Amino acid sequence: MSGCCGSNREQNVRTQVREHYGQIAEAGAGQRGGCCGTEERDNDSIARAIGYSDTELSNLPEGANLGLSCGNPTAIASLRPGEVVLDLGSGGGFDVFIAASRVGAAGRAIGVDMTAAMLERARGNSAAFHAQSGLDNVEFRLGEIEHLPVADSSVDVVISNCVINLSPDKPQVWREIARVLRPGGRVAVSDLALLKPLPEAVLSSVRALTGCIAGAVTVDETRRMAQAAGLTDILLTPKTKYVDQTPWDDPFYADIIRKLPSGAKLSDYVTSLDVSAVKLS
């Protein structure tokens with residue numbers, strides 16, 4: 001998928017996403033521009049609305065929450081002390097730091113992101129996390145989620161938050177998840193998914209792509225990809241209220257919503273989806 005073997009379309013998608021999220025990393029935590037729009041908003045308030053606790057947010061380094069979440073994967077991961085957790089598309093380190101607090105000094109939390117500016121921000125936040133928590137159990141690696149810089153069968157839990165939908169080769173992402181998980185390892189993903197196919201006008205919009213909508217696949221497709229990768233005990237939980245409660249009326253999404261059929265709402269097409277699964281062997 002990457003390098004000389006990837007199609008031009010896949011490379012274009014990856015370039016668009018890398019540039020877009022690089023701009024978010026450089027703009028800082030006060031700016032939006034991912035799955036939930038572009039206007040400046042209170043990222044902590046949005047995080048609380050999708051399931052993060054005040055305790056989790058208060059223990060984060062300033063600037064780790066960039067407002068790019070569409071769920072709380074750590075809430076469904078059942079993390080235990082001593083486990084190794086891998087976060088796909090880790091951004092400023094938001095979920096990595098929460099996971100690191102839960103797995104403790106005997107565990108490890110690893111973040112992978114393909115955007116150098118995000119990686120720089122996350123590594124900068126690591127010093128503040130260590131000073132606050134006393135933990136030195138986080139690591140951030142540069143890489144694509146389709147080709148994870150992680151050894152086979154080395155991870156207990158894979159988490160991801162509103163990132164897999166951005167990949168132009170989602171089946172490969174799920175194969176990589178299965179590859180790096182140890183036998184008995186778990187998946188806890190929050191993502192955007194489709195309840196029905198999007199209109200062509202939305203699919204062709206770059207703004208929709210970098211906002212996590214045009215790249216999303218249906219709930220059933222998500223199940224098929226996880227099964228094909230060899231995962232089992234797959235549980236898919238749509239959270240349709242997320243879309244209706246999210247402020248999509250800023251300029252980023254106003255253009256997209258105008259392209260929907262007359263009378264249609266974004267929540268007719270899009271849902272937040274919690275995905276849990278297990279690798280048996």
HN-Hα couplings for region 92-99 via Karplus (6.51, -1.76, 1.60; θ = phi - 60°), in whole Hz with x for Gly/Pro, come out as x, x, 3, 6, 4, 5, 5, 4
For region 181-192, Karplus-derived ³J(HN,Hα) couplings (6.51, -1.76, 1.60; θ = phi - 60°; whole Hz; x for glycine and proline) come out as 6, 6, x, x, x, 10, 10, 9, 10, 10, 8, 9
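Considering only Cα-Cα distances, which of the following residue pairs are longer than 20 Å: K196/K265; K170/K265; K239/K259; K196/K241; K196/K239; K196/K279?
Values: K196/K265 12 Å; K170/K265 26 Å; K239/K259 23 Å; K196/K241 16 Å; K196/K239 15 Å; K196/K279 28 Å.
Among K196/K265; K170/K265; K239/K259; K196/K241; K196/K239; K196/K279, the Cα-Cα distance tops 20 Å for K170/K265; K239/K259; K196/K279.
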Spelling it out for R141: with amide H atoms placed in the peptide plane at 1.01 Å from N, the residues 5 or more places away or on another chain with amide H under 5 Å from its amide H are G111, V112, D113
Heavy-atom accessible area of region 91-236 with neighbours in place, 1.4 angstrom probe: carbon+sulfur share in percent works out to 52 percent
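The values are calculated or read from the model by the stated rules, or taken from the named source; none is laboratory data. Note that the structure is predicted; figures quoted are calculated from it, not measured. Areas reflect the complete protein model, heavy atoms only, side chains present, ligands, DNA and RNA absent. Shrake-Rupley method; radii C 1.70, N 1.55, O 1.52, S 1.80 Å.
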